Each structure stands twice: as structure tokens, then as C-alpha cells.
Amino acid sequence: MWFGVPTPDQSLYPNLAASLSCGGGFLFGWLLQRQIPALTVLQQNWRRNFAIAIASSVFCLHHAGLTPAFDAAAHTYSTLGFAYSYCIGAWRWTFTIIGLSMRLFSGASVVRRYISDASYWIQSLRDSLFGETHMPCRLFGETHLPCRLFGETHLPCRLFGET
């Protein structure tokens, strides 16, 4: 219950939960990007969304505790309430970040544009380096050439801080 949605990087094809979660977020952003009135509403209501996000997070932490539990969650109404609060909290955090960003960063800035472009290219480079060594090692094990060269800790992992 503590760990949320599994990440989609476990194989060449993502699992259903990751596909629905990440795909839903992508679809929401894609549909929202040109809806200026909707973005304005998020900008105006960021404080309300922040309060709801905090309340949902506090409820989830109170229910699940501060230390992770590795056992399966029971199928009870309490767990259903946790899942509902987790979902509401995640979306309200998203709305808060979008609204606050629209409020603080809606003007043009050469520095922010440069940082944005640079971070895009760094992420693109990181993904290609990591994908070219990490996924074959997961598929073929230590017999794959990059795995033999880099061992357990691959060079892109060391460069970009992943283990």
C-alpha cells in the first residue's frame, strides 16, 4: 500500500497499472495544454488544491504510517478510502503545481527557456545511454557485452546517479 503505482521500466512493455496511470496523466496534460480557461482556473485555485493535497497526504500517511510495509493490503473499506485519498491527493498535487507554476512562471524568461531546453536534451541523452546498457543487461544477463564491461553498476547509472 505504501509504494503506489509500479514504474513502467520493468520490461520492454509496461504493465497495465503503469500504462493507465502514466497514460492518463499524459492524456490529461495533452488535452489541457491548449485550454487557456482551464489553466486559468487552476492558476486561480492553486491554494484550494494545495489544501486538499495536504489533507489527502496527511490522511494517507496517517493510514499507512511513516515506515513502508511490504505485506499485501487488506481488501477493506479502510483500504478503499486510502486508495481514494491517494488518487485525489496525487491529482490535487498535480493541479497545485500547474496552478502555482502558471502564477509564478507565466512570463517569458530567457534563462528559464535555456534551462528547459538544456534539461530536455540532458534527459534525452540520459534515456538513450541508460536504455542501451540497462535493458539488454536485464534481458540477457551478465553475458551481454556492456554488462561485462561495466559490471553491476553500469556507466550511465554512475553518471546519472541511478543504481
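With the checklist (1) at pLDDT 85 or above; (2) loosely packed, with under 11 Cβ neighbours inside 10 Å in hand, flag the one item C87 doesn't pass. Result: C87 passes all but (2). With the structure loaded, tell me whether G131 is modelled with pLDDT under 85 and surrounded by 10 or more Cβ atoms within 10 Å (Cβ to Cβ) or whether it fails that test. In short, yes.
Consider G99 carefully, then state whether it is at pLDDT 90 or above and on the phi < 0 side of the Ramachandran plot.
The answer is yes for G99.
Would you say F82 is loosely packed, with under 11 Cβ neighbours inside 10 Å, of a type in the set (A, V, I, L, M, F, W, C) and more than 25 Å from L42 (Cβ to Cβ)? It is false that F82 is loosely packed, with under 11 Cβ neighbours inside 10 Å, of a type in the set (A, V, I, L, M, F, W, C) and more than 25 Å from L42 (Cβ to Cβ).
Only residues that are open to solvent by 60 Å² or more (accessible area, probe 1.4 Å) and more than 19 Å from G29 (Cα to Cα) were counted in the stretch 105-116, giving 7.
Consider Q33 carefully, then state whether it is under 23 Å from F105 (Cα atoms) and touching a residue at least 12 places away in the same chain (Cβ under 8 Å).
Criteria not met by Q33.
Taking first residues from the stretch 42-70 that are part of a helix (DSSP H, G or I) and partners that are surrounded by fewer than 17 Cβ atoms within 10 Å (Cβ to Cβ) and not aliphatic (A, V, I, L, M), the Cβ contacts under 6 Å between residues at least 6 apart in sequence or on separate chains come to Q43/R103; A64/W2.
The values are calculated or read from the model by the stated rules, or taken from the named source; none is laboratory data. Values in this document were obtained by computation on a predicted structure and should not be read as measured data. Virtual Cβ from ideal backbone geometry, glycine too; neighbours counted across all protein chains shown. Accessible surface areas use protein heavy atoms only, side chains included; no ligands, DNA or RNA. Shrake-Rupley method; radii C 1.70, N 1.55, O 1.52, S 1.80 Å.
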